[in-house]
Amino acid sequence: MVEAQHPLVATPCAGIEVQLPFGIHRICAVAAASTAAEMRKLVRQAMRFTRTIELRLDWLANGAQRQKFMAWLARSGVRANFIATFRHRAAGGRYTGDIAGQLIVLKQAVERGCSWCDVEMETASRFRAGVLRALLGPVKLIISFHDFRRTPRKLPRLVRHLESWGADAVKVSAQAKDLSDALRVLSLVGRKRNRIVVPMGDAALPLRVLALRQGSALAYAPIGPATAPGQVPLETLRNLYRADRISRRTRVYGVIGNPIGHSLSPLLHNTGFQARRLDAVYLPFRVKDLSDFLKSLAAIGIAGFSVTIPHKHAILRHLDDCDPLAIDIGAVNTVVVRGGGKLYGYNTDFVGVLRALERRMPLAGSRVLLFGAGGAARAVAFALARGGSLVSVCARRPAQARALARSVGGEAIARRHLRREFFDAVINATPVGMFPHSDISPLAPAELNCRMVMDLIYRPMKTRLLRLAERRGIATISGVEMFLAQGTAQWEIWTGLRAPQAAIRRAVLAVLRQEKRAGFHARVRR
Ligand code: NAP
């Protein structure tokens, strides 16, 4: 492994304007484990990605494990910018002893090769500026503030207070309830190069990824277990989001929904950007409150976004203009942000299902049963009708089935008739059979009288419904086909380029197959 020469290694303390890590090394891996052996393993893993590593010494189970780990650190010869942290419980850590004990451990860490110490404000406030530095020895100092409950109101004043210790860098970590809070934390960076900002919580996840772009000296990512809410794993931050390469020129896209954690859209879009070498990133936004997201659009600089449950309908009234088809469907899953922040909506679920079906069967003159009458079913029904199919809708609420059938000139059909009706294709547009409830089917084998069965669900790739159909010799289409087609259609709308279909398909299928091998899709029956 080539050792990067780093300006921080073994340089003496040089006052407040020191050179902080640069490039990839601005991603700081967080190593936190209870035994010395696990900690060593994490450090070695982290070294594959970055040379800036925070050692959470407070996570080590006891003094013996700490001594063992620090002895290894001293003799290992590993060259990295180690940040020693021995966080007290009062500041969200695991250490419960007194301050003298805390400083002794930090000083030992400095003697064993840590070039930085992170000392929380609660501890620092027990000393006058300069005394702490004298106590710890030749080390660069980060004074940090943490609030795991909220984003405090008077943040600028807080930063000035932290800077009064004359440390080499100051760090503010605060729980953000929404994007507005997270943006307030990021705005603390200003023109200073020695400020580290960490908005915490699920809602702030995209802004953790953008922190380096905003000028934060470091972005933290766990190499092992998460040490703070909303952290993005190191490998994801580096390889999926390429956080160290994001600049102010990078175009930012995303998906909004709630929940959003398991979305494969970031993988789909970022794979496309990387394959075409575009300076763009796509991030997951867990959005509860649509207006909080919309008012943060300009500050984040978002160029376009995907929309998923529960916002596909609600977004309509916030748009400046909309594709007429999306208005007919009553749902938008793609938004382009044009000049002046104007929002333009599309529905690519429509194209997605058309592309997936037309490859496998002629739609004109066919009769297709649509099971379910929600948002996705509406896009499917319009696509089928445009393709020339007669759409039969069956839903547990007959009035909804009738309304949808009427809007596409189709027919509503009662569940009890399914056993004696024949269709060219049957499409499941309900979430029944989706992970974690993967071993149930929305329809019984006797209700599958058709040539083709399609499930809109893509997790798992092969649902119980598709397996039942296969057993009856019926051809099947997985929801992953629609997922890929609707996603690449979005990608093409935003970039104006042809999507790298093969690279995207490979990446998405690899993850779904890996999940299948890991038993991810077959776990629970509740
Ligand atoms: P939605 O708007 O919530 O509609 C769900 C529909 O399923 C409603 O008609 C609902 O009936 C019905 N339903 C729910 N539980 C049911 C049950 N136990 N038995 C019978 N019917 C039930 O959701 P959506 O946005 O249309 O999404 C539906 C599915 O499509 C989801 O699994 C989603 O992941 C998938 N999808 C896939 C793609 C893709 O690209 N592959 C794209 C979009 C959606 P009620 O109205 O009575 O609750």
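The values are calculated or read from the model by the stated rules, or taken from the named source; none is laboratory data. Because the structure is predicted, anything quoted here is derived from the model rather than measured. In this analysis, Cβ positions are derived from the backbone assuming ideal geometry, glycine residues included, and neighbour counts consider all displayed protein chains. Surface accessibility is based on the protein's heavy atoms, side chains included, excluding ligands, DNA and RNA. Shrake-Rupley method; radii C 1.70, N 1.55, O 1.52, S 1.80 Å.
Is there a pair in Lys171/Lys288; Lys288/Lys462; Lys192/Lys295; Lys154/Lys288; Lys68/Lys107 whose C-alpha atoms are over 22 Å apart, and which pairs would that be?
On the way: Lys171/Lys288 28 Å; Lys288/Lys462 30 Å; Lys192/Lys295 26 Å; Lys154/Lys288 25 Å; Lys68/Lys107 16 Å.
Lys171/Lys288; Lys288/Lys462; Lys192/Lys295; Lys154/Lys288, as the Cα separations exceed 22 Å there.
Summing +1 for each Lys or Arg and -1 for each Asp or Glu among the other residues whose beta-carbon sits under 15 angstrom from that of Pro500 gives +4.
Ligands, DNA and RNA aside, Lys140 has an accessible area near 10 Å² when probed at 1.4 Å. Computed from the C-beta positions of Ile104 and Arg245, the FRET efficiency with R₀ = 45 Å rounds to 0.65.
Exposed loop sites, defined as GluC sites (Glu not before Pro) outside DSSP H, G, I, E and B with at most 16 other Cβ atoms within 10 Å, are absent from the longest region of the chain, namely 18-420.
Evaluated with a Cβ-only charge set (Lys, Arg +1; Asp, Glu -1), segment 300-406 carries a dipole of roughly 400 debye about its Cα centre, given to the nearest 20.
Using the Karplus relation 6.51 cos²θ - 1.76 cosθ + 1.60 with θ = phi - 60°, the per-residue 3J(HN,Hα) values for segment 358-369 come to 4, 5, 10, 7, x, 8, 4, x, 7, 10, 10, 8 Hz, with x marking Gly and Pro.
Hull volume per residue, based on the alpha-carbon atoms of segment 266-353 and their convex hull, is 112 Å³.
Mind checking the per residue accessible area of the chain for me, 1.4 Å probe, whole number of Å²? Write down the numbers at each step before the final one.
Details: 22570 Å² over 526 residues.
Per residue, the chain has 43 Å² of solvent-accessible surface.
Looking at the square roots a ≥ b ≥ c of the eigenvalues of the Cα gyration tensor of segment 382-507, which shape do they give, rounded for a/c under 1.5, prolate if a/b is larger than b/c, or oblate? Please report the intermediate quantities before stating the final value.
Working: a/c = 2.06, a/b = 1.37, b/c = 1.51.
Because a/c hits 1.5 or more and a/b fails to exceed b/c, segment 382-507 counts as oblate.
Helical runs assigned H by DSSP (4 residues or longer) give the chain a calculated mean residue ellipticity at 222 nm of -10000 deg cm²/dmol, each run adding -39500 (n - 2.57) before division by the residue total.
For the chain, the Cβ-based charge dipole about the Cα centre amounts to some 560 debye (Lys, Arg positive; Asp, Glu negative; other atoms uncharged). When the surface is traced with a 1.4 Å probe over the full set of protein chains, Ile457 keeps roughly 10 Å² accessible. Only Lys, Arg, Asp and Glu carry charge here, each on its Cβ (+1 for the first two, -1 for the last two); on that basis segment 155-246 has a dipole of about 360 debye about its Cα centre.
With the Cα gyration tensor of the chain giving a ≥ b ≥ c as the square roots of its eigenvalues, does the rule (a/c under 1.5 for rounded; else a/b larger than b/c for prolate; else oblate) give rounded, prolate or oblate? Prolate is the answer for the chain, as a/c is 1.5 or above and a/b outweighs b/c. Here the accessible area of segment 313-468 is 53 percent carbon and sulfur, with a 1.4 angstrom probe and all protein chains present. Taking 7 Å steps out from each Cα toward its Cβ at Ala129 and Gln67 produces label points 3.9 nm apart.
Starting from the Cα gyration tensor of segment 124-260, take the square roots of the eigenvalues, sort them a ≥ b ≥ c, and report rounded, prolate or oblate (rounded when a/c is under 1.5, otherwise prolate if a/b is larger than b/c, else oblate).
Details: a/c = 1.88, a/b = 1.69, b/c = 1.11.
Prolate, because a/c is 1.5 or more and a/b exceeds b/c.
Considering only Phe69, Ala129, Cys450, and ranking their Cα positions along the charge dipole of the chain that arises from unit charges at the beta-carbon of Lys, Arg, Asp and Glu, the one farthest toward the positive end is Phe69. For trypsin sites (Lys or Arg not before Pro), the sites in segment 215-281 that DSSP calls loop and that have at most 10 other Cβ atoms within 10 Å are Arg248, Arg249, Arg277.
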